[in-house]
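Everything on this sheet refers to the single structure shown next.
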Amino acid sequence: MTQPDKMENLISIGELARLTGITTHTLRVWEKRYGTPHSQRLPSGHRRYPKEDVPRLRAIAKALESGYRASKVVSGTLEELQGLMGLRSFTDTNPASTEESESSSNEMLVERWVMEIHGYDDDALLQGFHQQWNRVGPLRFVADCAVPFIKRVGTGWESGELTVANEHFATECLSSFLTGKWRQLNSKKQGWTVLMATLPGETHNLGLLMAAVVASLSNAKITYLGLDTPLEDVIATANKHSPELLCISISNGAKTLDPEDSLLKIRKGLNKKIKIVSGGNGTPDNLPGILKIEDFINFNDWLGDFENTLNLT
Ligand code: B12
């Protein structure tokens, strides 16, 4: 657990306003009126707030945007706020606003997971992943929950709300969860085959793990090479085992990557019959012989169409 009274876990009111989008004036008014968010005072009289309050305050900001009154939500726990927003998505009959509420409730869920990262609570985090997976299914879990979650971890790390240790902890929890899930879905399959890899120098593997979950919803049997695979090994393995598809994920984080050159080398060395799909923010546009797919919903649709062209028996 974190220690809320440690200086590194405390932030100023300006910082809290920046991280939550709630003005310093409003934060002071709420503290006076509702007793929350509760601050500690420095000897100088300046307020300091625990960083762990950020997810709850972001959830409050979201609830206010959705039309709730401050008096109803400001004292709520994150779980209560999440219940409130989740309930709206089940009771609302207007499809447009149901979609809106659903995305609000996903944002609340992400804030709850971020709070669990602050507390290094892997039991709660993994249980949350399982519950949401069971509730919305694998594709929606990846597209609507795992992607926003990891992007939120990225912005939290960038802004200083989350430490490197928080970010590594989150990555480890999500990686192990996604690995367990796609391997389970992939076991004892005998369909067509897809080879999955990242380029040499790549240190980000969550995109590929998410792609593996989506691919495992098709009839494809996955061979997963994972992080930092030398180009010649990708090419040799593909040519030897003749998968119908080679799937690559490229992040925009690694300066050592040369995505364009690497993809063209792979295309050149690979049997022409093997289709190549690449995704992730580092994938270049318009490379000959490489299909770029932007997101996992499109990837899932494309896999369905591709499978239909394979004349499966
Ligand atoms: C986790 C993480 C790490 C972990 C990775 C651990 C692991 N095992 O994966 C570690 C700690 C290793 C790391 C390291 C670094 N990271 Co980092 N990292 C992240 C973080 C939080 C998540 C990355 C991730 O997995 N994304 C995967 C997917 C979800 O994102 P995506 O690439 O945008 O892909 C999207 C789609 O294209 C699609 N997709 C992805 N793959 C595929 C594949 C297919 C087939 C399909 C169809 C679709 C698809 O899915 C996503 C849907 O939107 C991001 C934040 C972020 N916003 O991504 C930063 C981020 C990528 N990292 C960043 C940086 C700067 C670094 C470092 C350079 C930091 C440093 N100073 O050392 C190093 C890289 C060093 C190196 N040599 O590579 C920056 C990149 C900034 C930039 N270039 O614009 C980011 C954006 C954080 C930030 N906000 O600044 N990182």
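How big is the dipole moment of segment 188-308 about its Cα centre under a simple scheme where the beta carbon of each Lys and Arg is +1, that of each Asp and Glu is -1, and everything else is neutral? Debye, nearest 20, please.
480 debye
Give me the number: length gained by fully extending Gln190 to Asn281, i.e. 0.36 nm times residue separation minus the C-alpha to C-alpha distance, one decimal in nm. Spell out each step's value before the answer.
Working: separation 91, 0.36 × 91 = 32.76 nm, distance 3.13 nm.
Difference between extended and current length: 29.6 nm.
Cross-link candidates for Lys265: which lysines have Cα within less than 29 Å, leaving aside residues fewer than 8 places away along the same chain?
Lys221, Lys240, Lys255, Lys273, Lys275, Lys292
Using 7 Å Cα-to-Cβ label points, what is the Thr223/Val164 separation (nm, one decimal)?
Result for the modelled spin labels: 3.6 nm.
Quick one: net charge around Val234, please, counting Lys, Arg +1 and Asp, Glu -1 for every other residue with C-beta under 15 Å from its C-beta.
Computed value for this residue: -1.
By how many degrees, between 0 and 90 and to the nearest 10, does the Cα long axis of helix 95-118 differ from the longest principal axis of the chain?
The angle comes out at about 80 degrees.
What do you get for the angle between helix 24-34 and the principal long axis of the chain? Use alpha-carbon atoms, 0 to 90 degrees, nearest ten.
60 degrees
Taking only C-alpha pairs under 8 Å that are 6+ residues apart, what is the relative contact order of the chain in percent?
Relative contact order for the chain comes out at 11 percent.
Over the chain, what per residue volume does the convex hull of the Cα atoms give, in whole Å³?
Values: hull volume 47.4 nm³, N = 313.
Per-residue hull volume (Cα only) is 152 Å³.
What is the P(r) of segment 53-181, as percent of Cα-Cα pairs per 10 Å bin from 0?
12, 44, 34, 9, 0
Return one number: the angle in degrees, 0 to 90 and rounded to the nearest 10, between the long axis of the Cα atoms of helix 206-215 and the longest principal axis of the Cα atoms of the chain.
Rounded to the nearest ten degrees, it is 60.
Can you pull out the trypsin sites (Lys or Arg not before Pro) in segment 162-214 whose DSSP state is coil and whose Cβ has at most 15 other Cβ atoms within 10 Å?
Of the trypsin sites (Lys or Arg not before Pro), the ones in loops of segment 162-214 whose Cβ has at most 15 other Cβ atoms within 10 Å are Lys188, Lys189.
Can you give the Rg to Rh ratio for segment 232-294, taking only C-alpha atoms and Rh from Kirkwood?
0.94
Report the one residue of Ala17, Leu174, Thr193 whose Cα lies farthest in the direction of the positive end of the charge dipole of the chain (charges on C-beta: Lys and Arg +1, Asp and Glu -1; origin at the Cα centre).
Of the options given, the answer is Ala17.
Counting each DSSP H run of 4 or more residues in the chain as -39500 (n - 2.57), what helix-only mean residue ellipticity at 222 nm follows after dividing by all residues, to the nearest 500 deg cm²/dmol? List each step's numbers first, then the result.
Numbers: 13 runs with 170 residues, N = 313.
Computed ellipticity for the chain at 222 nm equals -17000 deg cm²/dmol.
How high is the FRET efficiency from Lys268 to Gln127, r the C-beta distance, R0 35 Å, rounded to 0.05?
With a Förster radius of 35 Å, E is 0.15.
What span do the alpha-carbon atoms of segment 188-308 cover on each of the three principal axes, reported in whole Å from largest to smallest?
36, 29, 26
FYI, it's all coordinate maths here, none of it is from the lab. All figures in this text were calculated on a predicted structure; none of them were measured in a lab. Using ideal geometry, Cβ is built from the backbone for each residue, glycine included, and neighbour counts are taken over all protein chains shown.
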